[in-house]
Structures are given as structure tokens and as C-alpha cells.
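The values are calculated or read from the model by the stated rules, or taken from the named source; none is laboratory data. Owing to the predicted nature of the structure, the values given are computational and were not obtained by experimental measurement. Cβ coordinates were reconstructed from backbone atoms using ideal geometry, including for glycine residues, and neighbour counts include every protein chain displayed. Areas reflect the complete protein model, heavy atoms only, side chains present, ligands, DNA and RNA absent. Shrake-Rupley method; radii C 1.70, N 1.55, O 1.52, S 1.80 Å.
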Amino acid sequence: MGTIIEGLYDQEGFGAHPLLRHVASCGCGWQGQQAYPPTEKSYESAVEDWERSHARPLPAETVPAPVDTAIRDAKQAIGDRRSPS
């Protein structure tokens, strides 16, 4: 199991190990650029890289799912009012 940050449940960070190295990776498909040697410490470094480079910036860039749902519902309600009966 990877690392999950509260409120970002669709993102799960882990240190993938392609070709005997660790690379910061996420369940959404994102991968970091830095490759780390295959040690326990470097796995932790890869997860820290995922958190710093990908996961932590997401809340500032992404509309939270409940807000997105509320906006979609509001648009639907406005659209329903505009439709002729």
C-alpha cells in the first residue's frame, strides 16, 4: 500500500522500482523525474518526492470533489429552470 494524504483519496504515492531503482509515482499515473538507487532510504525519498512535487500542490490546483459536485448540481438546476415546461 502506498501513501495517501487526507482529502486526496484518488492519489496514492509510492516509490516504483523500474529497472532496479525507485521513482516517485502516483496511482493516477504521474511519475517523478528523479531516479533513486534501490535502497530502503531511497524508497522513502521517492515517496517524499511524490508528496512534495505532486500531492501537496494538488489541492491548490484542483477543485475538491464535493465542491465540483455542488457546482455541477447547481448548473443542472439552473439549466432545468431555463428549459420551457
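Count Lys and Arg as plus one, Asp and Glu as minus one, and take only other residues whose Cβ is under 13 Å from that of THR3; the net charge is then -4. Protection proxy ranking, highest mean first, for peptides 24-37, 69-82, 44-57: 44-57, 24-37, 69-82, where packing is the per-residue count of other beta-carbon atoms within 10 Å, averaged. Computed per residue of the chain from DSSP H runs no shorter than four, each worth -39500 (n - 2.57), the mean residue ellipticity at 222 nm is -12000 deg cm²/dmol. The residues neighbouring PRO59, those whose beta-carbon lies less than 15 Å from its own, together hold a net charge of -3 under the Lys/Arg +1, Asp/Glu -1 convention. Relative contact order of region 15-67: 29 percent, from C-alpha pairs under 8 Å at least 6 residues apart in sequence. Got a number for carbon plus sulfur as a percent of the chain's accessible area, 1.4 Å probe? Within the chain, the accessible surface is 55 percent carbon and sulfur.
Would you tally the net charge around GLY27, using a Cβ to Cβ cut-off of less than 9 Å, leaving GLY27 out, and scoring K and R as +1, D and E as -1? Taking every other residue near GLY27 into account, the sum is -2.
Mean silhouette area of the chain, derived from the convex hull of its C-alpha atoms and averaged over all directions, reads 7.4 nm². The angle between the Cα long axis of helix 65-82 and the main principal axis of the chain comes to about 20°, on a 0 to 90 degree scale.
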